[in-house]
Amino acid sequence: MSILKKASRFAARHLTCRWLPLGKEKGVVSFTFDDVPASACHRGAELLQQYQARGTFYICGGLTDGVEQTQACHSVRDLHNLVAAGHELGCHTFSHTNCANTSLMEIQRDWDKNQAFFHAEKLPLSGFAFPFGAYDFGSKVAASKRFFYNRITGGGAQLRRADLSALRAQALYAATTPSDVILKLIQQVASDGGWLIFYSHEVSAHPGPWGTTPEQLEMALRLATQEGCRILPVQDAITFFQT
Ligand SMILES: [Zn+2]
């Protein structure tokens with residue numbers, strides 16, 4: 001990585017933060033899905049609803065009715081069904097653009113395209129999730145101006161405070177996220193009144209490396225409930241911590 005890129009990443013991490021204080025009497029767990037495969041809209045949403053919970057789905061309009069990594073993607077009808085059931089829709093760029101190595105002009109054009117897609121389909125749009133969790137100084141500042149919040153990846157939970165310009169999230173991947181890690185993180189936010197945001201892609205009995213199974217998702221929902229956490233979409237969680 002070049003020195004300029006390293007400096008940009010350092011500045012992005014440390015200089016452009018908008019802090020949201022955490023530390024409520026209860027912890028919060030959010031479940032998010034990126035891109036988004038159809039199975040997340042169907043099986044994923046259904047499991048969340050069984051726990052009276054709702055999730056956040058970060059959509060690439062360029063993947064609507066498409067196939068990604070052998071997974072069938074969402075349809076416009078799926079998105080309307082999610083909204084009707086009370087789930088949150090967010091932006092994930094139109095073309096799954098890597099914001100750390102794309103010019104700001106191209107990123108802005110891509111955001112415009114995704115927002116136009118939402119507008120044309122009369123769908124509400126909340127915050128933004130960086131594809132690949134990748135960002136630099138310029139894209140973090142630009143995303144903060146355009147969206148109320150931005151989600152990244154990075155792993156782990158957020159305690160005491162969270163950066164609205166780069167909300168950290170933990171992978172929920174059947175292949176690589178052990179059950180004891182899920183339990184430990186949920187217990188941590190439950191006792192500290194912090195915030196754990198999971199992210200995944202497909203919800204399938206045979207997921208690829210970036211997907212979860214119905215069993216793993218159900219286990220995380222059950223543990224969050226047992227530990228007394230609130231399960232909220234990202235936008236609602238921000239409102240909860242702000243009030
Ligand atoms: Zn993605």
Provide the packing ranking of 47-55, 128-136, i.e. peptides ordered by the mean count of other C-beta atoms within 10 Å per residue, highest first.
128-136, 47-55
Cβ-defined net charge surrounding ALA85, 15 Å radius [Lys, Arg +1; Asp, Glu -1]
-1
Rounded to the nearest 20 debye, what is the charge dipole size of the stretch 20-242 about its Cα centre when +1 sits on each Lys and Arg Cβ and -1 on each Asp and Glu Cβ?
600
Quick one: net charge of VAL189's neighbours, Cβ under 15 Å, K/R +1, D/E -1?
+4
With point charges of +1 on the Cβ of Lys and Arg and -1 on the Cβ of Asp and Glu, referenced to the Cα centre of the chain, which listed residue (PHE241, ALA171, ALA190) lies farthest in the positive direction of the dipole?
PHE241
Sum of -39500 (n - 2.57) over DSSP H runs of 4+, divided by residues of the chain (222 nm, nearest 500):
-11500 deg cm²/dmol
Out of residues 5 or more away from ALA174 or on other chains, whose amide H comes under 5 Å of its own, with H placed 1.01 Å from N in the peptide plane?
GLY211, THR212, THR213
Please list, by residue number, every one of the GluC sites (Glu not before Pro) in the stretch 70-128 that is coil in DSSP and has at most 11 other beta-carbon atoms within 10 Å.
none
The stretch 145-204 and the stretch 80-122: distance between their alpha carbon centers, rounded to Å:
21
According to the Cα gyration tensor, what semi-axes, each the square root of 5 times an eigenvalue, does the equivalent ellipsoid of the chain have, listed from largest to smallest in whole Å?
25, 23, 17
Looking at the stretch 110-212, which trypsin sites (Lys or Arg not before Pro) are in a loop (DSSP not H, G, I, E or B) and have at most 10 other Cβ atoms within 10 Å?
LYS122
When the charge dipole of the stretch 75-160 is computed with +1 at the Cβ of Lys and Arg and -1 at the Cβ of Asp and Glu, the Cα pointing farthest to the positive end, of LEU79, TYR135, PHE148, is that of PHE148
Order of 17-23, 217-223 by packing, highest average Cβ count within 10 Å first?
217-223, 17-23
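Here, each number is a calculation from the coordinates, and none is a lab measurement. Just so we're clear, the structure is a prediction, and the values are computed from it rather than from any experiment. Positions of Cβ are generated from backbone atoms using ideal geometry, with glycine treated the same way; all protein chains shown enter the neighbour counts.
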